[in-house]
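Since the structure comes first, as structure tokens, the remarks are kept for the end.
The values are calculated or read from the model by the stated rules, or taken from the named source; none is laboratory data. Predicted, not measured: the structure shown is a model, and the values here were computed from it. Neighbour counts are summed over all protein chains in view; Cβ atoms, including those assigned to glycine, are modelled from backbone coordinates with ideal geometry. Remember, those area values only see protein heavy atoms, side chains included, never the ligands or the DNA or RNA. Shrake-Rupley method; radii C 1.70, N 1.55, O 1.52, S 1.80 Å.
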Amino acid sequence: MNRRRSTGSATEAAAGNGLLDRRSLLAAGAGSVGLAGAPSALGAADLSIEPWMREPGSPFTGYGQPSRFESKTVRTSASAPGTTGAGASRTPLQRLNGTITPNGLHFERHHSGIPDIDPDAHRLLIHGLVNRPLLFTLEALARYPMETRIAFIECGGNSGALYQKEAAQLDLQASHGLLSCAEWTGVRLALLLEEAGIEPQARWLLAEGADAAGMSRSVPIKAADEALVALYQNGERVRPSNGYPMRLLLPGYEGNMNVKWLRRIKATEGPTMTKDETSKYTILLPSGKSLQFVFPIETKSVIAYPSPGITLPGAGIYEISGLAWSGYGKISQVEVSADGGKSWAPAALREPVLPKALTRFRLPWRWDGGPAVLQSRATDGSGYVQPTRDALITERGSRATYHFNGITSWAVGEHGEVRHVYA
Amino acid sequence: MSTPSSMIAAAIIALLSTTALAETPDQGRPAAPEEIALWDTSIGPDGAGLPPGSGTPQQGEAVYAARCLPCHGEKGAGKPNDQLVGGLGTLAGDQAAVKTVGSFWPYATTLFDYVRRAMPFNAPKSLSDDEVYAVCAYILRLNGIIEERAVMSAQTLPKVQMPNRDGFMPFSRQK
């Protein structure tokens, strides 16, 4: 057996408190080096011909559903008092793997419920500072060249609770679940604007949705370079909860600007100063002033496994895994610490690593059963490094609400329980 | 009657557009001004787009009592939904920040835009323009921002000085 050879340097410590080299445990045979402790014994009596092998399975269905054993993999939601559709639902990040969010689990933030839009009656109007105001039907848009783009969308308010003075006991879904990633297909907004003939003094676009709240946001015109009028989400029509029949996709920009149920784009000289770019989505600083127009999502990462609510069954080998993303481009590095930030080891990034998309990182860890504080720290292609929570709080105070991107800490207790802590 | 110069300008634009459009699908249909007017309800901070009509705080009190109070409380005090009044002086420091129309919103035009498109929550777009002006006037009055006898209209609303008008700085990553 090649036991001795593969244990060699591959399982060397990469940082304190049991973090192993990111290349360890990958080679064939390396997984059986005995690091994980004795695998639980499987007696012959455990192996039988199961009932599902003794009769034909269920028939075909028109639209498939997950296994009935996965009933906990669902969004959780909350709505403003007295309302049913003015709030948010969160993606169960701790129960997913890979980087693409299934359409039924994509997070939602609605301001007045999900409109039941008849696609044949829906129109997209482009007007304002343009030479030719234009109206598009869905059928008309279907005749345009389409592009496909994998992009995350994160709500500007995601992990806002981590600004608070006490570390809230939230699971990953509650703390970071206003984050999802999908493959979006649609028509380049720039092409439609070109046809309408944007006038030179136009610097902003007002984007408006066809929901009961008429949700609207001002978008700087440069965002149109990468913007899509998205018609498809992970291969199927955009879900009603994500803007059916069309939404604005602004890769990297805070979720609220990716206006769903898109019905109108107005080219303007200045921003319209809508409610959601003044009353909301502005960062209040200790000085009493607020930062406005905080568009791209700043570089951020979080460990999904293990995370609060998960209990490690005992000392031994685990794969730490999590997500990293940046609204400014590609993730270039993620480091992991098991000793609360004293020492760091580079994590492996799973391909593909795409700009403005979720990136999955992983790192093997040998937990010795003692106390540990797990953290991840992302760096993007520009060299920006995700800040500590302390650094962020020093700059912004604890009432900033939006765009929290600080390093998040999970403490592992002696019984393997994982808790959110400030470290 | 068109002047020759505007006809030439129109011809040039038509020519430019046809050349520019040669390679694109061009499947949109031109939108008529009346169609645009029906849809374009957004109001700029300079008041551009405000419709005719007007309202006073006193008229607004009745609208508020009938259409807003169950959700936003007596005199905009909030509960069960957002507080619309008060909070002045809570933005700086480390205390709980009470962000309301009065303490936080930089433009009164935003209030008109938002209420007309989204409120009352259970029946959005059901208020007349006069009612929207009136209920905005009432909320601004409750916040002590305008006088009791002020009349809100397309002329006066954009001139209202909101307390937090200078409270915002555009964000830049480089600082």
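Distance between the 7 Å Cα→Cβ label points at residue A:199 and residue B:24: 1.7 nm.
State which stretch of chain B is the longest one without any exposed GluC sites (Glu not before Pro), exposure meaning a DSSP loop state and at most 12 other Cβ atoms within 10 Å. It runs B:24-146.
Chain B packed on chain A takes about 4700 Å² of accessible surface away from a 1.4 Å probe, both sides summed.
Computed from the Cα positions only, the extents of the stretch B:88-175 along the three principal axes stand at 44, 28, 26 Å, in decreasing order. The accessible surface of the stretch A:124-280, taken with every protein chain in place and a 1.4 Å probe, is 50 percent carbon and sulfur. Size of the stretch A:39-175 from its Cα atoms: along the principal axes, largest to smallest, the extents are 78, 51, 33 Å. If you count Lys pairs in chain B whose Cα atoms are under 29 Å apart, skipping same-chain pairs closer than 8 places in sequence, the total is 9. Could you let me know the centre-to-centre spacing of the stretch B:87-157 and the stretch A:329-398, using Cα atoms, in angstrom? If we compute the Cα centre of each part, the gap is 43 Å.
Charged neighbours of residue A:418, selected by a Cβ distance under 15 Å, balance to -2 (K, R count +1; D, E count -1).
Let me confirm one metric for peptide A:282-289, namely the mean number of other chain beta-carbon atoms within 10 Å of its residues' beta-carbons. Provide the component values of the computation, followed by the final result.
Numbers: counts 7, 3, 7, 4, 4, 5, 8, 7.
Mean partner-chain Cβ count within 10 Å for A:282-289: 6.
Using a probe radius of 1.4 angstrom, the carbon and sulfur fraction of the accessible surface of chain B is 60%. Model label sites at residue B:174 and residue B:125, defined 7 Å from Cα along the beta-carbon direction, differ in position by 4.4 nm.
For a distance above 30 Å, tell me the whole-number percent of Cα pairs in chain B that qualify. When every Cα pair of chain B is considered, 36 percent fall beyond 30 Å. When Lys and Arg each count +1 and Asp and Glu each count -1, what net charge do the other residues less than 15 Å away from residue B:128, Cβ to Cβ, add up to? My count for the surroundings of residue B:128 gives +1.
The residue among B:65, B:97, B:78 whose Cα reaches farthest toward the positive pole of the charge dipole of the stretch B:65-125, with charges on the beta-carbon of Lys, Arg, Asp and Glu, is B:65. Debye-formula intensities of the stretch A:124-275, expressed as log10 I(q)/I(0) at q = 0.16, 0.20 Å⁻¹, are -0.86, -1.24 (one equal scatterer per alpha-carbon, no solvent). Taking the centroid of alpha carbons for each part, the stretch A:55-107 and the stretch B:62-83 are 35 Å apart. Size estimate for the stretch A:300-421 follows the Kirkwood approach: the inverse of mean 1/r over distinct Cα pairs works out to 14.8 Å. Expressed as a fraction of 2.2 N^0.38 Å, the value expected for a compact globular protein of N residues, the C-alpha radius of gyration of chain A is 1.09.
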